Amino acid sequence: MLLEARNLEAGYGQAQVLFGVSLRIDEGEVVTLIGRNGMGKTTTVRTLMGLLKAKRGEISFAGKRVEACAPHVIARLGVGLVPEGRQIFPNLSVRENLVMAGIDRSWGAEGWTLERVLDFFPRLGERLSNSGTQLSGGEQQMLAIGRALMTNPRLLILDEATEGLAPVIRDEIWSRLGMLKRSGLSILVIDKELEALCELADRHYVLEKGEIVWSGSTAELMANPQIHETYLGV
């Protein structure tokens, strides 16, 4: 098991958002966290990354307890985050955004370098000297993913992987995530495109009002339309 969260409770000030959230991700597995807006998905990600301290519960990554660790410690252990809204450095060039995140390490597979990221996202190679403000939304998302890959993560977390992107760019992002899965990278992904998520992921967690209300395989999710209607509809 690569990541395990047990009975997480977290929130902002007096407002509690997570109520006993538990999930796990195994090596080489792609897992989703799905649910309607405002159900606590981003709060869960922020808690896993140490950006928001859990009030209760435990988080283990690669056998190490990390719920009390700072975000940079968790990142250096091998968790790469593609945050909601991308959050690239707008005044840095594409090259600078990528190089500043680079960590030279390998977990038994080919490491991610600037050259490999540019081969993975050729469009970024055409924009190397452009600043973040000069990129389209799709290019910014590619850059955010590339920046996370430059840390050579064991686990990649994507919060709203394709939100606000044109259909052709969404298709490209899903294709690249499929390539990452085939490479053996573990992935936790949040998105609203259920069909694409089911094509990519092995297992799913459904979050409703800060609680995991259902979990199961892709086959089980596809065979249960009531889950779609009750927890995933607008």
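The values are calculated or read from the model by the stated rules, or taken from the named source; none is laboratory data. Values in this document were obtained by computation on a predicted structure and should not be read as measured data. All Cβ positions, glycine included, derive from the backbone under ideal geometry; neighbour counts span all protein chains shown.
For beta carbons closer than 6 Å, sequence separation of 6+ or different chains, a first residue in the stretch 65-93 that is within 13 Å of ARG154 (Cβ to Cβ) and a second that is part of a loop (DSSP other than H, G, I, E, B) and among the hydroxyl-bearing types (Ser, Thr, Tyr), the qualifying pairs are GLY80/THR151.
Can you tell me which residue in the stretch 14-32 is surrounded by the fewest Cβ atoms within 10 Å (Cβ to Cβ), limited to those that are free of Cβ contacts under 8 Å to residues at least 60 places away in the same chain and in a strand (DSSP E or B)? Spell out the reasoning first.
Filtering the stretch 14-32 down to residues free of Cβ contacts under 8 Å to residues at least 60 places away in the same chain leaves 14-15, 24.
Add one more test, that the residue is in a strand (DSSP E or B), and what stays is 15, 24.
Numbers: ALA15: 6, ARG24: 16.
Going through the qualifying residues, I end up with ALA15.
For LEU156, indicate whether it is in contact with a helix residue (DSSP H, G or I) (Cβ under 7 Å, 6 or more places away or on another chain), surrounded by fewer than 19 Cβ atoms within 10 Å (Cβ to Cβ) and either among the polar types (S, T, N, Q) or modelled with pLDDT of 95 or more (or both).
Numbers: in contact with a helix residue (DSSP H, G or I) (Cβ under 7 Å, 6 or more places away or on another chain): yes; surrounded by fewer than 19 Cβ atoms within 10 Å (Cβ to Cβ): no; either among the polar types (S, T, N, Q) or modelled with pLDDT of 95 or more (or both): yes.
No.
Among the residues examined, SER175 does not qualify as assigned to a strand (DSSP E or B), over 15 Å from the mean Cα position of the chain (by Cα) and surrounded by fewer than 21 Cβ atoms within 10 Å (Cβ to Cβ). Listed by first and then second residue, the pairs linking a residue in the stretch 183-205 that is touching a residue at least 40 places away in the same chain (Cβ under 8 Å) and among the β-branched types (Val, Ile, Thr) to a residue that is buried (at least 21 other Cβ atoms within 10 Å of the Cβ) and part of a helix (DSSP H, G or I), with Cβ atoms under 6 Å apart and 6 or more places separating them unless they lie on different chains, are ILE190/LYS41.
Residues that are in contact (Cβ under 8 Å) with a residue 12 or more places away in the chain and outside any strand (DSSP E or B) within the stretch 206-234 comprise LYS209, GLY210, THR218, LEU221, MET222, ILE227, HIS228, TYR231, LEU232, GLY233, VAL234, listed in sequence order.
Scanning the stretch 112-171 for residues that are in contact (Cβ under 8 Å) with a residue 40 or more places away in the chain, within 21 Å of LEU188 (Cβ to Cβ) and among the polar types (S, T, N, Q) turns up GLN140, GLN141, THR151, ASN152.
Every residue, every condition in (1) over 20 Å from the mean Cα position of the chain (by Cα); (2) over 30 Å from SER22 (Cα atoms); (3) assigned to a loop (DSSP other than H, G, I, E, B), yes or no:
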residue	(1), (2), (3)
ILE59	no, no, no
ALA68	yes, no, yes
ALA75	no, no, no
PRO90	yes, yes, yes
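Restricting the search to helices (runs of 4 or more DSSP H) fully inside the stretch 94-153 and requiring at least 3 residues that are touching a Phe, Trp or Tyr at 6+ places or on another chain (Cβ under 9 Å) and within 19 Å of ARG182 (Cβ to Cβ) gives 137-150.
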